[in-house]
Each structure stands twice: as C-alpha cells, then as structure tokens.
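The values are calculated or read from the model by the stated rules, or taken from the named source; none is laboratory data. The shown structure was predicted, so the numbers you read here are calculated from the model rather than taken from an experiment. Cβ atoms come from the backbone with ideal geometry, glycine included; neighbour counts cover every protein chain shown. The accessibility values were calculated without ligands, DNA or RNA, using every heavy atom of the protein model including side chains. Shrake-Rupley method; radii C 1.70, N 1.55, O 1.52, S 1.80 Å.
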Amino acid sequence: MAEAAGVPAESLAGCRARAARTVLDQVVLPGEELLLPEQEDGEGPGGAGERPLRLNAAARSRGRVVCGPGLRRCGDRLLVTKCGRLRHKEPGSGSGGGVYWVDSQQKRYVPVKGDHVIGIVTAKSGDIFKVDVGGSEPASLSYLAFEGATKRNRPNVQVGDLIYGQFVVANKDMEPEMVCIDSCGRANGMGVIGQDGLLFKVTLGLIRKLLAPDCEILQEVGKLYPMEIVFGMNGRIWVKAKTIQQTLILANILEACEHMTTDQRKQIFSRLAES
C-alpha cells in the first residue's frame with residue numbers, strides 16, 4: 001500500500017494521456033491530454049516515441065496546430081474540454097500540424113466572434129436592442145449596426161422580430177455584441193428576417209454538417225420545393241416555403257436527417273418526390 005501511495009503524480013497523468021492518432025474519430029472525454037508522435041528530435045524520427053502535443057515556438061516551426069471547439073490550450077499542452085469525437089484536418093501544405101477539434105452533439109451555444117446567428121429581439125433599451133441568441137446571456141445590438149442606419153433613419157425593429165447577424169464581441173468577460181453589417185458596411189443578407197416562415201432548433205453538430213460545402217442533404221432538400229432558408233451557428237434554422245404544409249415537411253426532414261443513414265434519407269426523398 002505504501003508503494004502504491006508513493007507513485008508520482010506525473011506517471012498517473014501519463015497513464016491518462018492518449019495518442020491523438022489512435023483516437024481520431026473516436027470519443028474523447030474532458031480532462032484528457034492529447035499525445036502526438038515525435039516529428040523531429042535528436043535521436044531521429046520516432047526515437048522519442050510519443051510526447052504531449054506542444055504548442056510552443058518549437059512546435060510551430062514543424063507545423064502550426066490550430067485548436068478548434070472542444071479543445072483548450074493549457075501552457076504548452078492541449079486538453080479536451082468536452083465530450084465528443086476527435087476530428088483532425090490536415091493543412092493544405094502537408095507540413096504537419098493542422099486543425100484539431102471535438103465534434104459533439106451539444107445544444108447549448110457559446111458565442112464565438114464571427115459566428116452568424118439567428119436571434120430574437122426581447123427588449124429595447126434606448127439605442128440598444130437585447131437579442132436572445134440561446135447563450136447564457138442576451139447579446140446587444142445597436143440601432144446603428146444596420147445598413148444605412150443613422151440617428152434620423154432608424155431601422156424598423158420590434159420586440160419579437162428575428163435577427164440574422166454576426167458577433168463582433170464574444171468572450172467570457174464581456175457582453176456579446178452583434179451587428180447586421182459586414183466590414184464594408186453592407187448588410188450582405190443580414191438584418192431582420194421576414195415575418196412568415198418557421199423557426200426551429202437543432203443540435204450544433206447538425207448545423208455544422210448542413211453548412212459543409214459538400215453537404216448532400218441541402219442538395220436533396222432543394223430539389224423538393226422552392227424555399228428560403230437561414231442557418232444560425234447557434235443551432236437555429238428558419239425556413240419558408242410556398243405553403244405551410246411544405247414548410248412543415250422541410251422542417252421535419254431537416255430535424256430527422258441527423259439520425260438517418262444515407263439509404264434511409266434517399267428513400268424518404270424519393271417518396272416525397274413521387275407525391
């Protein structure tokens with residue numbers, strides 16, 4: 001018992017560490033430390049075995065490592081912060097490193113700078129609108145953050161309206177701030193969403209899947225009915241078709257696609273196309 005109690009804390013931490021190359025596309029848990037094969041050392045390739053993923057200047061010289069959602073830098077280590085599947089994308093140059101992130105099925109949204117989201121106006125306080133974006137606190141939206149808005153020409157925004165915009169301020173120490181214009185002062189599709197249509201919520205993983213450039217789901221859905229659709233990175237989708245029935249069908253399909261296989265999805269689309 002005395003020998004077991006005297007085991008160094010470093011060895012216990014090493015037992016919990018897992019090699020990233022062996023757990024890609026597998027489930028990782030919060031608190032785990034990622035390990036990568038040694039790329040360059042004094043003994044030659046592979047001489048030092050595996051080591052904790054280092055993010056200091058020496059590691060950047062071999063290849064830049066980018067931490068995505070679900071991962072956090074802790075000194076020169078990379079720790080997992082939420083449960084999900086570990087993903088990796090190789091850099092275009094092929095020089096090592098790349099992007100690592102954890103793909104999870106969470107519904108709670110944490111604001112990220114630059115994300116385009118769908119919000120609901122909940123209050124108007126002076127020159128500021130309060131917008132519910134599904135986070136821990138509402139975001140602020142200035143009436144001047146619209147295309148062509150001035151002190152005399154104010155935008156027509158009412159409580160309950162849907163807003164499509166992006167975050168310009170989003171961190172844990174400050175209130176999130178939204179705008180409905182890009183860097184050139186243009187709306188570029190952002191602003192107040194129409195009164196008609198249906199707003200529903202899905203998981204954040206499904207939103208990322210639908211926004212992928214090679215997403216087959218949107219291509220198949222677009223062949224069914226003419227529609228307007230808006231995706232928010234906060235897990236909200238707004239869709240509008242010609243009739244209420246078509247709008248409900250599209251919403252149900254998008255919600256169910258997350259748990260369908262490719263064959264099941266094709267069968268449903270073929271049935272809808274025939275009807």
Potential lengthening between E147 and Y225 on full extension [0.36 nm per residue; Cα-Cα distance subtracted]: 25.0 nm
Roughly how many nanometres apart are two label points built 7 Å out from the Cα toward the Cβ at K209 and T81? 2.4 nm
Considering only DSSP beta bridges with both partners in the range 131-247, what is the antiparallel share in %, to the nearest 5? 90 percent
Straight-line reach from K209: which lysines have Cα under 16 Å away, leaving out those fewer than 8 places along the same chain? K89, K107, K201
At R0 = 22 Å, how high is the FRET efficiency between V110 and R73 if r is their beta carbon distance? Nearest 0.05 is fine. 0.85
Mind checking the dipole of the range 80-209: about its Cα centre, +1 per Lys or Arg Cβ, -1 per Asp or Glu Cβ, Debye to the nearest 20? 300 debye
Contour excess over end-to-end distance, with Cα ends at N188 and R154 and 0.36 nm allotted per residue: 10.4 nm
Area of M260 that stays accessible when all protein chains are in place (1.4 Å probe, Å², to 10): 50 Å²
Starting from the residue with the highest accessible area, list W101, W238 in decreasing order, probe 1.4 Å. W101, W238
